[in-house]
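One structure is given here, and the rest of the page talks about it.
The values are calculated or read from the model by the stated rules, or taken from the named source; none is laboratory data. Every value quoted in this text rests on a predicted model; they were computed, and no experiment measured them. In this analysis, Cβ positions are derived from the backbone assuming ideal geometry, glycine residues included, and neighbour counts consider all displayed protein chains. Surface areas here come from the heavy atoms of the whole protein model, side chains and all, with no ligands, DNA or RNA. Shrake-Rupley method; radii C 1.70, N 1.55, O 1.52, S 1.80 Å.
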Amino acid sequence: MKALVAPGPVSYPLIVSGRIKLEFGKEGQADVIADSIVSLIRRKLKVDYAALKELMVIYPNITDKIGVWRKGSAADVLIKALIKIDGINANLVYSDDWNSLLIMLREGKVTSATLSSAIVKGVSFEELFAKRGIQMPGSCGLSILNKGVEDEVISSYLEGIDKMREDPEGSTERIISLLPIKVPKNFVIGVIKNVKLEINRVENYDTFKNLVESVI
């Protein structure tokens with residue numbers, strides 16, 4: 001069994017459980033694909049399970065001058081979807097790193113920013129969409145291409161979540177050592193402590209999916 005996973009928080013429980021062979025990236029054949037929910041929709045993959053909630057936030061709230069982490073990212077797509085619903089003509093200012101966004105906020109160059117909940121406490125995208133009558137299933141998702149491995153994948157993911165809750169420090173060390181990219185320890189710890197660690201089957205997400213597709 002093989003899972004093709006993005007090297008972000010969606011992969012953390014699978015890294016910690018260590019039961020499934022992981023290939024990091026977006027290209028290739030696999031039994032399971034794990035990525036941000038926006039990326040799965042962009043890639044025309046069915047979201048079978050929503051994994052992790054409240055990973056990305058707006059801080060302090062939506063304004064008309066928003067700093068956005070990476071053009072074309074999930075955060076970019078989600079904020080565009082929200083301002084489309086609200087009919088706001090917002091100015092989006094892009095940056096490729098979190099620290100630059102925080103500096104822009106402090107200096108007043110932007111009045112709000114999309115950030116990870118591992119870094120700041122803000123209003124989650126899930127909450128923002130819910131206030132507008134749209135259910136965002138979660139921050140990330142799993143697409144099960146081989147239904148024969150579904151039970152094993154989900155049990156592995158849940159095992160990883162349990163271990164992350166029980167031993168945040170040990171789990172963080174394992175994640176950092178096995179990720180193909182460098183991630184600060186405090187970021188991983190922040191994810192474990194601040195993100196809702198859960199995985200749930202997704203039944204109907206058409207309204208959210210259609211909105212996301214309209215701004216990609």
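Which is farthest toward the positive dipole end of the chain among Asn61, Asn146, Leu4, measuring Cα position about the Cα centre, with Cβ charges +1 (Lys, Arg) and -1 (Asp, Glu)? With unit charges placed on the Cβ atoms, the residue in question is Asn61. A straight chain from Lys71 to Asn146 at 0.36 nm per residue would run longer than the Cα-Cα distance by 23.8 nm. Note on Asp206: accessible area approximately 80 square angstrom, rounded to 10, probe 1.4 Å, nucleic acids and ligands left out. In this model, which of Lys2/Lys131; Lys26/Lys80; Lys147/Lys209 are farther than 32 Å apart at the alpha-carbon? Pairs exceeding 32 Å: Lys2/Lys131. When you count the other C-beta atoms within 10 angstrom of each residue and take the mean per peptide, 105-114, 89-98, 29-38 line up highest first as 29-38, 105-114, 89-98. Remark: the chain carries a charge dipole of roughly 500 debye about the Cα centre, counting +1 on each Lys and Arg Cβ and -1 on each Asp and Glu Cβ.
Applying a DSSP loop filter and a limit of 11 other Cβ atoms within 10 Å to the trypsin sites (Lys or Arg not before Pro) in segment 58-92 leaves Lys71.
With respect to the chain, whose longest principal axis is taken over its alpha-carbon atoms, helix 150-166 is tilted by about 70°. Using a cut-off of 23 Å between Cα atoms, the listed pairs Lys121/Lys193; Lys44/Lys121; Lys53/Lys121; Lys84/Lys196 include Lys44/Lys121; Lys84/Lys196 as exceeding that distance. When all protein chains stay in place and ligands, DNA and RNA are ignored, the 1.4 Å accessible-area order of Leu22, Leu197, largest first, is Leu22, Leu197. Considering helices alone, the calculated mean residue ellipticity of the chain at 222 nm is -12000 deg cm²/dmol, with DSSP H runs of length four and up weighted by -39500 (n - 2.57) and normalised per residue. Rg over Rh for segment 43-125 works out to 0.98, using Cα positions for both radii and the Kirkwood form for Rh.
With volume of the Cα convex hull per residue in Å³ in mind, check [x] 195; [y] 129; [z] 109 and report the label derived from this structure. Entry [z]. Between Lys109 and Lys26, the contour length at 0.36 nm per residue exceeds the Cα-Cα span by 26.5 nm.
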